[in-house]
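K.L.:
Please find one structure pasted underneath; my questions will follow.
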Amino acid sequence: MKGFILTSFLFFSSTILFHQNSLATDSTSHFKKVVWIVFENEDYQPVMNQPDFARIANYGASFTRLKAETHPSQGNYIAMIAGSILGVKDDSNVDLNESHVGDLLEKAGMRWRVYAEDYPGNCFLDKKSGDYARKHVPFLSFTNVTKNPKRCANIENENRFFQDFQNGTLPEFSMYIPNLKNDGHDTGVEYAGKWLSANFGNILTSPSSTKDTLFIVTFDEGSRLSRNIIYTVLVGSKIKSGSENSQKINHSALLKMIEDEFKIGNLGREDASSPVLTGIWK
């Protein structure tokens, strides 16, 4: 009888161990970390015509019908982390008592951070400082961040990003926000493309650099006279290089992808109802 119990216990333990190992090596896992890099104010085709952006697209999956949510900029940035523009229809400072992806991440024991170029630090909440603009840093529009010094410390300037990347200490979710020159807002798509190649080209074209990290290279919006279809490319080791996705989606679908990958639930807005992205994964 004792032998039967011991054999049963060993079989049961082995089954649990096998199940745990299966989860740990789940082939459906696409990335462990995600980085958004956001550019400004250009339609899909002019960006694809720019050599640097076109080169990056060859290494990733392009979205040909991803439509920004609104005009002007700020509402689109809000949607990237909240699954809705939350009624934000201009670029004035807003203070929202609403939830965002940072809440879901922290609840799941995960981290988030924003690396914003020329950000003055210390939870700076003025509208602008030099080439830095608050409207492009969406977490600063949420009062549960701005009224909490510990959470507000998750917003930093750009200096730490490449150090964190090299050291493998990036959080699960991060955004890299170029300043008003480097994002093309004050300069144009040619300038922005050259900046992207100079600063991220070696990372985005290196399989070892994107092994566990998914990069989202996107724009906030297109021109006001267009259909607002914007360039968006995903680059990562599990992405089919040179693939295209023609689903009718917006930024909230990218948020849903992240929520689903990290299994953190959703915010009950457009992120919950957006379609699952298809045709881009290996």
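The values are calculated or read from the model by the stated rules, or taken from the named source; none is laboratory data. What you see is a predicted model, and the numbers here were worked out from it, not measured in a lab. Cβ sites come from the backbone with ideal geometry, for glycine too, and all protein chains shown count toward neighbours. The accessibility values were calculated without ligands, DNA or RNA, using every heavy atom of the protein model including side chains. Shrake-Rupley method; radii C 1.70, N 1.55, O 1.52, S 1.80 Å.
K.L.:
Does residue 135 satisfy the condition of being in contact with a Ser or Thr (Cβ under 7 Å, 6 or more places away or on another chain), of a type in the set (D, E, K, R) and in a helix (DSSP H, G or I)?
P.N.:
So residue 135 passes the test.
K.L.:
For the subset of the range 246-282 comprising residues that are among the aliphatic types (A, V, I, L, M) and part of a helix (DSSP H, G or I), which member is farthest from the chain's Cα centre (by Cα)?
P.N.:
272
K.L.:
Quick one: residue 241 ticks every box in (1) open to solvent by 20 Å² or more (accessible area, probe 1.4 Å); (2) closer than 14 Å to residue 79 by Cα except a single one, so which number is it?
P.N.:
Condition not satisfied by residue 241: (2).
K.L.:
Considering only residues of the range 62-113 that are assigned to a loop (DSSP other than H, G, I, E, B) and among the acidic types (Asp, Glu), which is most open to solvent (accessible area, probe 1.4 Å)?
P.N.:
Within the range 62-113, the match that is most open to solvent (accessible area, probe 1.4 Å) is 95.
K.L.:
Filter the range 156-177 for residues that are touching a helix residue (DSSP H, G or I) at 6+ places or on another chain (Cβ under 7 Å) and either closer than 19 Å to residue 121 by Cα or assigned to a strand (DSSP E or B) (or both) and give the result.
P.N.:
Within the range 156-177, 170, 173, 176, 177 qualify.
K.L.:
Same structure again: Residue check: is residue 137 in contact with a Leu (Cβ under 9 Å, 6 or more places away or on another chain), surrounded by 13 or more Cβ atoms within 10 Å (Cβ to Cβ) and aliphatic (A, V, I, L, M)? Give the steps one after another, and end with the answer.
P.N.:
Details: in contact with a Leu (Cβ under 9 Å, 6 or more places away or on another chain): no; surrounded by 13 or more Cβ atoms within 10 Å (Cβ to Cβ): yes; aliphatic (A, V, I, L, M): yes.
It is false that residue 137 is in contact with a Leu (Cβ under 9 Å, 6 or more places away or on another chain), surrounded by 13 or more Cβ atoms within 10 Å (Cβ to Cβ) and aliphatic (A, V, I, L, M).
K.L.:
Here is a further query. For a quick check of your reading of the model, give me the residue pairs whose first member lies in the range 148-162 and is in contact (Cβ under 8 Å) with a residue 12 or more places away in the chain, whose second is open to solvent by 30 Å² or more (accessible area, probe 1.4 Å) and assigned to a helix (DSSP H, G or I), with beta-carbon atoms closer than 8 Å and at least 6 apart or on different chains.
P.N.:
151/144
K.L.:
Could you please find all residues in the range 114-132 being part of a strand (DSSP E or B) and in contact with a strand residue (DSSP E or B) (Cβ under 7 Å, 6 or more places away or on another chain)?
P.N.:
Residues satisfying the conditions are 114, 115, 116, 132.
K.L.:
Would you call residue 189 open to solvent by 20 Å² or more (accessible area, probe 1.4 Å) and aliphatic (A, V, I, L, M)?
P.N.:
Working: open to solvent by 20 Å² or more (accessible area, probe 1.4 Å): yes; aliphatic (A, V, I, L, M): yes.
Considered against the rule, which asks whether it is open to solvent by 20 Å² or more (accessible area, probe 1.4 Å) and aliphatic (A, V, I, L, M), residue 189 comes out as yes.
K.L.:
Got at least one residue in the range 193-205 being in a loop (DSSP other than H, G, I, E, B), touching a Gly at 6+ places or on another chain (Cβ under 9 Å), surrounded by 20 or more Cβ atoms within 10 Å (Cβ to Cβ) and not basic (Lys, Arg)?
P.N.:
So far as the range 193-205 goes, no, none of its residues is in a loop (DSSP other than H, G, I, E, B), touching a Gly at 6+ places or on another chain (Cβ under 9 Å), surrounded by 20 or more Cβ atoms within 10 Å (Cβ to Cβ) and not basic (Lys, Arg).
K.L.:
Residue 187: among the β-branched types (Val, Ile, Thr) and farther than 18 Å from residue 99 by Cα, yes or no?
P.N.:
yes
K.L.:
Do we have any residue at all in the range 224-235 that's surrounded by 22 or more Cβ atoms within 10 Å (Cβ to Cβ), within 21 Å of residue 42 (Cα to Cα), over 17 Å from the mean Cα position of the chain (by Cα) and in contact (Cβ under 8 Å) with a residue 60 or more places away in the chain?
P.N.:
No, because not a single residue in the range 224-235 is surrounded by 22 or more Cβ atoms within 10 Å (Cβ to Cβ), within 21 Å of residue 42 (Cα to Cα), over 17 Å from the mean Cα position of the chain (by Cα) and in contact (Cβ under 8 Å) with a residue 60 or more places away in the chain.
K.L.:
Being buried (at least 16 other Cβ atoms within 10 Å of the Cβ), under 12 Å from the mean Cα position of the chain (by Cα) and farther than 18 Å from residue 274 by Cβ narrows it down to one of 173, 215, so name that one.
P.N.:
The conditions single out 215.
K.L.:
State which residue pairs qualify: first residue free of Cβ contacts under 8 Å to residues at least 24 places away in the same chain and inside the range 43-60, second residue part of a helix (DSSP H, G or I) and among the aliphatic types (A, V, I, L, M) in any location, beta carbons under 6 Å apart, and separation of 6 or more residues or different chains.
P.N.:
Cβ pairs passing all conditions: 54/48.
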